[in-house]
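Asker: Got a structure for you, written out below as structure tokens; questions coming shortly.
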């Protein structure tokens, strides 16, 4: 992970941690971590893909649309959050 | 992309178990059942007993159930907002997909989300958006101050130059020179 990806990843994992077992969509995550002033949509999508690959987050389809993903933190993600 | 639920090995509190059950295992109809129970006249103690019987989760205190219901309420509110954001995105894509980039569409959706959060006043997001707005306003004010200071400095320099020119000329300070200096000084 680059330093920038690490920065974005840390904010994503922190936000998911604050949900305390809850889930969030990409849009909510983006809004909560700083919006477009922090990173572009493409950057965030790439970081979420990275986090998913490393099993730090888990996603399920949202009930209101199968194309919308809702992410939650895994145990590995909770541990990684402290190390990033 | 992962779609299978992964077992959590961390926190083993009963409250966490209940949250994960709710998030990962309960069907829509099961959730509807529990939601109806939560808003019924059933006491918290009876609800906890039912949870223990049906879900095998032991909440020993009413405060744990209260905390769970609060968490659920927050999650439901997030889901409503998530759906709204998705609909905004879809609408913008269908109306402006040819003329707006995905990044611009995302920006618009987020702006609308911030506006809603601030209007509600009780969503943490609204405070973040306000902080950002205040910061950008402060930056804008600082920038304007800087521009004004530069204008004043330039006006002072021109006034000083006019004065020096007048002093060094044969005619001394003429009415025209005075007028010029006054004009520059009005900017100070």
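Asker: Give segment B:40-92 a look and list any residue that's surrounded by fewer than 15 Cβ atoms within 10 Å (Cβ to Cβ) and part of a loop (DSSP other than H, G, I, E, B), or say none.
Answerer: Those that are surrounded by fewer than 15 Cβ atoms within 10 Å (Cβ to Cβ) and part of a loop (DSSP other than H, G, I, E, B): B:40, B:41, B:42, B:43, B:56, B:58, B:60, B:61.
Asker: Condition test on residue B:129, is it at pLDDT below 90, assigned to a helix (DSSP H, G or I) and exposed (fewer than 13 other Cβ atoms within 10 Å of the Cβ)?
Answerer: When the stated conditions are applied, residue B:129 does not pass them.
Asker: May I ask you to verify whether residue B:99 is modelled with pLDDT of 90 or more and either out of contact with any strand residue (DSSP E or B) (no Cβ under 8 Å at 6 or more places or on another chain) or more than 21 Å from residue A:65 (Cα to Cα) (or both)?
Answerer: Yes.
Conditions (1) modelled with pLDDT of 90 or more; (2) farther than 17 Å from residue B:86 by Cα; (3) surrounded by fewer than 21 Cβ atoms within 10 Å (Cβ to Cβ), marked per residue:
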site	(1), (2), (3)
A:17	yes, yes, yes
A:27	yes, no, no
A:55	yes, yes, yes
A:64	no, no, yes
A:67	no, no, yes
A:73	yes, yes, no
A:78	yes, yes, yes
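Asker: Here's something else I'd like to know. Taking the condition of being surrounded by 19 or more Cβ atoms within 10 Å (Cβ to Cβ) and facing another protein chain (nearest Cβ under 7 Å), how many residues in segment A:29-38 meet it?
Answerer: Qualifying residue count, segment A:29-38: 4.
Asker: Regarding residue A:49, is this residue out of contact with any helix residue (DSSP H, G or I) (no Cβ under 9 Å at 6 or more places or on another chain) and either facing another protein chain (nearest Cβ under 10 Å) or crowded, with 18+ Cβ neighbours inside 10 Å (or both)?
Answerer: yes
Asker: Working carefully through the options A:41, A:62, find the one that is touching a strand residue (DSSP E or B) at 6+ places or on another chain (Cβ under 6 Å), within 7 Å of chain B (Cβ to nearest Cβ) and over 11 Å from residue A:12 (Cα atoms).
Answerer: Every option except A:62 fails the conditions.
Asker: Would you pick out the residues in segment B:132-160 that are modelled with pLDDT under 80 and in contact with a helix residue (DSSP H, G or I) (Cβ under 7 Å, 6 or more places away or on another chain)?
Answerer: The one that is modelled with pLDDT under 80 and in contact with a helix residue (DSSP H, G or I) (Cβ under 7 Å, 6 or more places away or on another chain): B:132.
Asker: Conditions first: (1) out of contact with any strand residue (DSSP E or B) (no Cβ under 9 Å at 6 or more places or on another chain); (2) at pLDDT 85 or above; (3) within 13 Å of chain A (Cβ to nearest Cβ); (4) within 20 Å of residue A:31 (Cα to Cα). Residue B:91 passes all but one, so which condition is the exception?
Answerer: Answer for residue B:91: the failing condition is (3).
The values are calculated or read from the model by the stated rules, or taken from the named source; none is laboratory data. Just so we're clear, the structure is a prediction, and the values are computed from it rather than from any experiment. A quick note on method: Cβ atoms are made from the backbone with ideal geometry, for glycine too, and the neighbour counts reach across all protein chains shown.
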